[in-house]
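Enquirer: Sharing a structure here in C-alpha cells format.
The values are calculated or read from the model by the stated rules, or taken from the named source; none is laboratory data. Computed from a prediction, not measured in an experiment: that's the story for all the values here. So basically every Cβ, Gly included, is an ideal-geometry build from the backbone, and we count neighbours across all protein chains shown. Protein only, heavy atoms only, side chains kept; ligands, DNA and RNA dropped before computing areas. Shrake-Rupley method; radii C 1.70, N 1.55, O 1.52, S 1.80 Å.
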Amino acid sequence: MRVGTLTHKDFQNELQEYWMSLYSEGKDKHRKPDLMQFRLYSFGNDLWGVIHDVFGKDKVYETFRHLITFVDVYNEAVTKTGKTAFKIRFD
C-alpha cells in the first residue's frame, strides 16, 4: 500500500542517493562500489518488463519510440495483471 507523497525535491534526492548509487546501505563511499549497476537499472527492467509480459516486445519498442504514452501503457499493463496498486498516479 502506498503511503505519503514525495515533493519534486524529495524525489530528486531519493533518485540520486538511492536509485543511482553504486553503494548499498552502510557501505563506505570512499571504497570501491559494491554494486555493478544502479538500482534504477533493475527498476527499469521491472517497469518495461510488465509491458513486455502483457503486450509483447513490439509494444515495448512502440512505447519507447513514443514515451509520452508510457504511463498509459504501463497502467493498462498492470491493470491487466490485476496489480492496480502499482499504477502510476499523479495526484
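Enquirer: Roughly speaking, to the nearest percent, how much of region 1-48's 1.4 Å accessible area is carbon and sulfur?
Expert: Within region 1-48, the accessible surface is 56 percent carbon and sulfur.
Enquirer: Where only protein heavy atoms count, and the probe is 1.4 Å, what is the accessible area per residue for region 10-91 in Å²?
Expert: 80
Enquirer: If you don't mind, another one. Once the other residues with Cβ under 12 Å from the Cβ of MET20 are scored (Lys, Arg +1; Asp, Glu -1), what is the net sum?
Expert: Here the charged neighbours net out to -1.
Enquirer: Give me the number: length gained by fully extending VAL54 to LEU67, i.e. 0.36 nm times residue separation minus the C-alpha to C-alpha distance, one decimal in nm.
Expert: Here the segment from VAL54 to LEU67 would lengthen by 2.9 nm.
Enquirer: Enumerate lysine pairs in the chain that are 8 or more residues apart or on different chains, then count those whose Cα atoms are under 21 Å apart.
Expert: So the count of such lysine pairs works out to 6.
Enquirer: Label LYS29 and LYS87 with points 7 Å out from Cα along Cα→Cβ: what is the distance between them in nm?
Expert: Simple spin-label model gives 3.7 nm for this pair.
Enquirer: Per the helix-only calculation at 222 nm, which mean residue ellipticity applies to the chain, given -39500 (n - 2.57) for every DSSP H run of n ≥ 4 and division by its residues, nearest 500 deg cm²/dmol?
Expert: -14500 deg cm²/dmol
Enquirer: Which of the following values of volume of the Cα convex hull per residue in Å³ was calculated from the structure shown: (1) 105; (2) 136; (3) 118?
Expert: This structure yields the entry labelled (2).
Enquirer: Also: If you place +1 on the Cβ of every Lys and Arg and -1 on the Cβ of every Asp and Glu, how big does the dipole about the Cα centre of the chain come out, in debye to the nearest 20?
Expert: Charge dipole, the chain, about its Cα centre: 100 debye, nearest 20.
Enquirer: Taking the Cβ of THR69 as the centre, find all other residues whose Cβ is under 13 Å away and add up their charges (Lys, Arg: +1; Asp, Glu: -1).
Expert: Residues near THR69 contribute -1 overall.
Enquirer: Net charge within 15 Å of ASP34 by Cβ-Cβ distance, Lys/Arg positive one each and Asp/Glu negative one each, not counting ASP34 itself?
Expert: Here the count lands on +3.
Enquirer: Right, another one. Please compute the contact order of the chain in relative form: average sequence separation of alpha-carbon pairs under 8 Å and at least six residues apart, divided by the residue count, as a percent.
Expert: In percent, rounded to a whole number, it is 19.
Enquirer: Now a separate question. Using the alpha-carbon atoms, what tilt in degrees (0 to 90, nearest 10) does helix 70-80 show relative to the longest principal axis of the chain?
Expert: 70
Enquirer: Using the Karplus equation 6.51 cos²θ - 1.76 cosθ + 1.60 (θ = phi - 60°), what ³J(HN,Hα) coupling, rounded to whole Hz, does each residue of region 33-39 give in order, writing x for Gly and Pro?
Expert: Going residue by residue, I get x, 9, 10, 7, 9, 4, 4 Hz, with x marking Gly and Pro.
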